[in-house]
1. In the list A:Gly48, A:Gly54, A:Gly83, A:Gly67, which residue meets the criterion of being crowded, with 21+ Cβ neighbours inside 10 Å and away from chain B (no Cβ under 14 Å)?
2. Go through the residues of region A:29-45 one by one and say whether even a single one is in contact (Cβ under 8 Å) with a residue 40 or more places away in the chain and small (Gly, Ala, Ser).
3. Which of the residues belonging to region A:6-45 are exposed (fewer than 13 other Cβ atoms within 10 Å of the Cβ) and either within 12 Å of chain B (Cβ to nearest Cβ) or in a helix (DSSP H, G or I) (or both)?
4. Give A:Thr2, A:Thr24 a once-over and let me know the one that is under 16 Å from A:Thr102 (Cα atoms) and polar (S, T, N, Q).
5. Of all residues in region B:14-56, which are within 18 Å of the chain's Cα centre (by Cα), crowded, with 19+ Cβ neighbours inside 10 Å and part of a strand (DSSP E or B)?
6. Please pick out the residue among A:Val112, A:Val209, A:Val200, A:Val132 that is under 22 Å from A:Leu36 (Cα atoms) and either basic (Lys, Arg) or surrounded by fewer than 21 Cβ atoms within 10 Å (Cβ to Cβ) (or both).
7. Is it the case that region B:98-106 has a residue that's within 18 Å of the chain's Cα centre (by Cα), of a type in the set (Asp, Glu), more than 11 Å from every other protein chain (Cβ to nearest Cβ) and surrounded by fewer than 16 Cβ atoms within 10 Å (Cβ to Cβ)?
Amino acid sequence: MTYLSDVVALTRKDLRVELRARDTLPAMLLFVLSSLVVFHFALPEEAGDEAAYGLLWVAIVFTALLGLTRAWVPEHEHGVLDGLVLAPCDRSAIWLGKTFATLAFLLAAQAVALPAFVLLFAPLDAAAVAGVLLADLGICAVGSLLAAMAAAGRARELLLPLLFLPLAIPLVVGGVGSAISSEPEQYLLFLALYDAVFAVLSWASFEYVVTE
Amino acid sequence: MIRARGLEKRYGRRRVLTGIDLDVENGSFLVVTGPNGSGKTTLLRLLAGLAAPTRGRLEVDVDRGRLGFLGHEPLVYRELTALENLDLYGRLYRVRERRERIGMLLERFGLWDERNERVGTYSRGMTQRLALCRTLLHDPELLVLDEPYSSLDEMGAAQLDRELGGLSHTRALVVSTHDPARLEPLATGRLALA
C-alpha cells in the first residue's frame with residue numbers, strides 16, 4: 001500500500017508540474033498533428049493503407065521521444081532527483097511514477113492523433129488500437145529509464161534517441177504488425193511479452209541508474 | 001554515527017578529496033571549512049550517500065529516511081507551491097501529522113503567507129528557507145548541511161541559528177560554511193579542507 005501511495009504521489013506531482021509548466025504535452029500534440037498532416041501530403045495517393053500505418057508509427061515513436069526528452073528535466077534542473085533518491089521510498093517508485101505520467105501524456109497526444117489519422121489516412125480496427133496501447137506501455141517503461149540515464153548527461157537530446165530508438169524497433173514491428181496482419185494476435189502477444197520483460201528490467205535497474 | 005577512514009574521491013583524474021578521517025557521534029556538531037573547490041560539497045554528498053568514495057571506508061549508521069540533506073540546490077520543484085513540495089516530501093518520508101508539521105515549519109521560517117505561491121516566484125532567500133523546511137521536515141537524526149546560511153537574510157539566519165542551537169545536543173550535524181565564527185558556539189569539531 002505504501003509503495004502504491006508513493007507511486008500515486010509521484011505521478012500526481014508530475015501531472016501537476018506539467019499542468020502548470022505546459023512544457024511537454026502541447027509540444028507533443030503539435031508535433032504529432034503536424035507530422036500526420038505533412039505525411040498526408042507526402043504520401044503518394046497510390047500508396048496503400050499499409051504505408052500509412054507505418055507512418056503512424058513514425059509519428060508515435062518520435063512524439064514519445066519528444067515527451068521522454070523532457071521527462072526528467074524538472075528533476076535535473078533543480079537537483080530534485082537527489083531529494084527523491086534520498087527519500088526512504090523504494091527508488092523504483094520514482095521510475096514507476098514517471099512512467100505513468102509519461103504514459104498519461106502519450107495517451108493524451110494519441111487521443112488527438114488517432115482520430116486525426118483515421119480522418120487523414122485509414123481506419124483503425126480494435127487490434128491496431130490494442131497494438132498502440134500495448135506499445136505505449138513498453139515505450140514509457142523503457143523510455144523513462146533511458147531518459148533518466150540520458151538526463152544525467154549534458155547531451156540528453158542526442159543520447160536519448162541513440163539509446164531509445166534501437167529498443168523501440170520491436171515495438172514498431174509489433175505495432176505495425178497488429179495493424180496490417182491478418183493474424184494480429186501474435187503481434188499483440190509479442191508486444192505484451194516485450195512490455196513484461198522490459199518493464200521488469202527497467203523496474204529492477206532504475207536504482208542503479210540514479211545512484212553512484 | 002559517521003566513521004570515515006582514508007576517504008578519497010576522484011572525478012576522472014582530478015582528486016577532489018584525499019585522506020579524510022572523521023568520526024561524528026550523536027550530539028556532535030562538525031563544522032567543515034575550506035576555500036572554494038576544496039571538496040566541502042563532495043564530502044557532504046559522500047556522507048549523504050549521494051556519491052560513492054573512490055577509496056577509503058565510510059560508515060554512516062543512519063537509515064536513509066533519518067537523514068536530512070541540504071545541498072546547493074533547494075531540491076524542490078519550481079512549478080509547485082511550498083505546500084505542495086513539502087506535502088510530497090512529507091508523504092515520501094512518511095511524516096506523521098504531516099500537515100501540522102509542515103504548517104509549523106512554514107510559520108517558523110516565515111513562509112506561511114506565501115505557502116500557496118509557486119516556488120519559481122520566490123526569491124533565493126525564500127527558496128533557501130523552504131529548502132531548510134524540507135530538510136527538517138522529517139525530524140532527521142543526522143543533518144548534513146552545505147552552506148545553509150547562503151542567501152539568507154538576517155531574519156532567516158537568526159531562525160537558522162535557533163534551529164541549529166535546538167538540534168545541536170540531540171542530533172548529529174555536519175555543516176559546511178564560509179563563516180565558521182557564526183557556528184563557533186555550537187561546534188564540537190572542526191574539519192578544515194585545503
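1. A:Gly67
2. Among the residues of region A:29-45, not one is in contact (Cβ under 8 Å) with a residue 40 or more places away in the chain and small (Gly, Ala, Ser), which makes the answer no.
3. Residues satisfying the conditions are A:Leu19, A:Arg22, A:Pro26, A:Ser34, A:Val37, A:Val38, A:Phe41, A:Ala42.
4. None of the others qualify; the one that does is A:Thr24.
5. The answer is B:Val24, B:Phe29, B:Leu30, B:Val31, B:Val32.
6. A:Val112
7. Within region B:98-106, none of the residues are within 18 Å of the chain's Cα centre (by Cα), of a type in the set (Asp, Glu), more than 11 Å from every other protein chain (Cβ to nearest Cβ) and surrounded by fewer than 16 Cβ atoms within 10 Å (Cβ to Cβ).
To keep it simple, each residue is scored yes or no on (1) within 30 Å of B:Leu7 (Cα to Cα); (2) in a loop (DSSP other than H, G, I, E, B).
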| residue | (1), (2) |
| --- | --- |
| B:Leu58 | yes, no |
| B:Asp87 | no, no |
| B:Val95 | no, yes |
| B:Arg101 | no, no |
| B:Met104 | no, no |
| B:Arg134 | yes, no |
| B:Ser150 | yes, yes |
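Quick note: the coordinates plus some simple rules give every number you see, no bench work behind them. Nothing here was measured: the structure is a model prediction, and the numbers come from that model. Cβ sites come from the backbone with ideal geometry, for glycine too, and all protein chains shown count toward neighbours.
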